[in-house]
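Data first, discussion second: the structure below is written as structure tokens.
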Amino acid sequence: MTTNPTRVFVARLLGLDVFDPLGDRLGRLRDAVVLDRGPTKHPQAIGLVVEVPGKKRVFVPMTRITSMDPSQIICTGLVNLRRFEQRGAEMLVVAELFDRRLTLRDGSGSAVVEDIAMERNRAGDWHVSQLFVRRGGSTSPLRGLRRGGERLIIDWLDAFHGTTDEPQGATQFVAQHDDLKPADFADALHEMNDKRRIEVAGELQDDRLADVLQELPDDDQVQILQSLTRERAADVLEEMDPDDAADLLNELPEAQKEELLQLMEPDDAEDVRRLLEYEEDTAGSLMTTVPVILPPEATVAEALAHVRREELTPALASSIFVCRPPLETPTGRYLGVVHIQQLLRYPPPEPLGNIIDTDLEAVGDQANVSEVSRILATYNLNSLPVVNADGRLVGAVTVDDVLDHLLPDDWRAQDDTSVPKRGDRRG
């Protein structure tokens, strides 16, 4: 190992790229793993959690780290690509130590952990040496001088750390992972123990939590939703796509499902109720009720403005469905679809009614999933219009909806065993 630095603060390392000795990027640092050795010893730092391509988190032992500083991390390149699994007395620094409240041994009150320092000894082993904490309240001599309380650095042994069962904040964790896409944040959440998962989920804003929930396995979704107050659970369901909200509600007991629907805004609840009426394995059970819908008089310019909306998935943004008013599902008569490539080939004032693709037939809401998947594959489509028996558009099925349905229920939690693995799991 290099001789300097011998001490690093974890929060300053988060998100750094991890390289092998040849300069090839292996992944990005997401957490550090330490081993609890009891109340009278400093925890030993045994490895790093690195997010490798494919958004999988793997364990890199500290014995493989050749250089670590606030600019980059270099390891030997011998990395086991099996998904990281926490064991025994191991603790995750960011997930389990940041935001933890502890009691100071000098009697000056409590403090909250904002960062930790890892230090390397002469033998080359790493351990947790210091804590960067925020102390507030009347016991602090500097109360009022710094917004949010006094910050100070203390030795790990200068505090009583309590048990892992005690409540723990999640402000730091959420802030440190604000850059993650919902699917990646969901991966991190899924790897946590039940207590920590609920604490972190509770810290998220409603819209962020809704996006993350949609990427979690069913069991995690139900656990988190049931941990919320009924009012907040209804608010989060309103922020979810109607089809995802319907899927989640279907996992709940009937009485709880109805209670949450009653608490939701009537318009949002109506969309979800319509989806709940469909039999499983039908187009109606998979579709979203809020695709991009415009009248034939709308122009190319208006259509482009609609598909630019940030909340739209790429699949939904690929098609504009043209209908007679009313434009909310179920609409007036469905006329056809305009693909985004067509929008790019025509001048902005061109009415959509002049460029409709009438060759693509809509699928009925009672059609089987196998028929939907066959049409999507045959015509290389990202989405497919769904109509009811009266020819009114009731929604759209996207290719990701079909994939989610066809894959095993636990696909989000499955490991990729096709990736070659090198090195040992620990050490």
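The values are calculated or read from the model by the stated rules, or taken from the named source; none is laboratory data. Since the structure is predicted, the reported quantities are computational estimates derived from the model, not experimental observations. Ideal geometry is used to build each Cβ from the backbone, glycine not excepted, and the neighbour counts take in all protein chains shown. All accessible areas refer to the heavy atoms of the entire protein, side chains included, with ligands and DNA or RNA removed. Shrake-Rupley method; radii C 1.70, N 1.55, O 1.52, S 1.80 Å.
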Checklist entry - Going by alpha carbons, how many degrees (0 to 90, nearest 10) lie between the helix axis of 194-203 and the longest principal axis of the chain? => result 70 degrees
Checklist entry - For Rg/Rh (Cα atoms, Kirkwood Rh), the choices are (1) 1.06; (2) 0.98; (3) 1.01; which was calculated from the structure? => result (1)
Item to check | Angle between the chain longest axis and helix 230-239 axis [Cα atoms, degrees, rounded to 10] | outcome: 60 degrees
Next on the checklist: So, taking all protein chains as they sit and a 1.4 Å probe, how much accessible area belongs to T163, in Å² rounded to tens?
Outcome noted: 80 Å²
Checklist outcome for this item: Under the Karplus relation with 6.51, -1.76 and 1.60 and θ = phi - 60°, whole-Hz ³J(HN,Hα) for the stretch 159-170, x at Gly and Pro, equal 9, 8, 9, x, 10, 6, 7, 5, x, 9, x, 9
Item to check | Cα-based Lys proximity count in the chain, under 20 Å, for pairs eight or more positions apart or on separate chains | outcome: 4
Checklist entry - Of all the accessible heavy-atom surface of the stretch 167-277, with the other protein chains kept in place and a 1.4 Å probe, what percent is carbon and sulfur? => result 41 percent
Checklist entry - Roughly how much of H127 is accessible, in Å² to the nearest 10, using a 1.4 Å probe? => result 40 Å²
Checklist entry - Heavy-atom accessible area per residue, the chain, 1.4 Å probe: how many Å²? => result 49 Å²
Checklist entry - Using heavy-atom solvent-accessible surface (probe 1.4 Å) with all chains present, what is the largest-first order of F160, F59, F19? => result F160, F19, F59
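So, with a 1.4 angstrom probe, what is the percent of accessible area on the stretch 293-406 that is carbon and sulfur?
In the stretch 293-406, the share of accessible area belonging to carbon and sulfur is 51 percent.
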Next on the checklist: Please list, by residue number, every one of the trypsin sites (Lys or Arg not before Pro) in the stretch 65-129 that is coil in DSSP and has at most 14 other beta-carbon atoms within 10 Å.
Outcome noted: R87, R105, R122
Item to check | By accessible area with a 1.4 Å probe, ligands and nucleic acids excluded, highest first: order of D31, D241, D125 | outcome: D125, D241, D31
Checklist entry - HN-Hα J couplings of the stretch 345-350 from phi, Karplus 6.51/-1.76/1.60, θ = phi - 60°, integer Hz, Gly and Pro as x? => result 9, 10, x, x, x, 5
Checklist outcome for this item: the chain: antiparallel bridges as % of DSSP beta bridges, rounded to 5, reads 90 percent
Checklist entry - Per-residue accessible area for L286 at 1.4 Å probe radius, Å² rounded to 10? => result 20 Å²
Checklist outcome for this item: Sorted list, accessible surface of protein heavy atoms, 1.4 Å probe, largest first, for L260, L152 is L152, L260
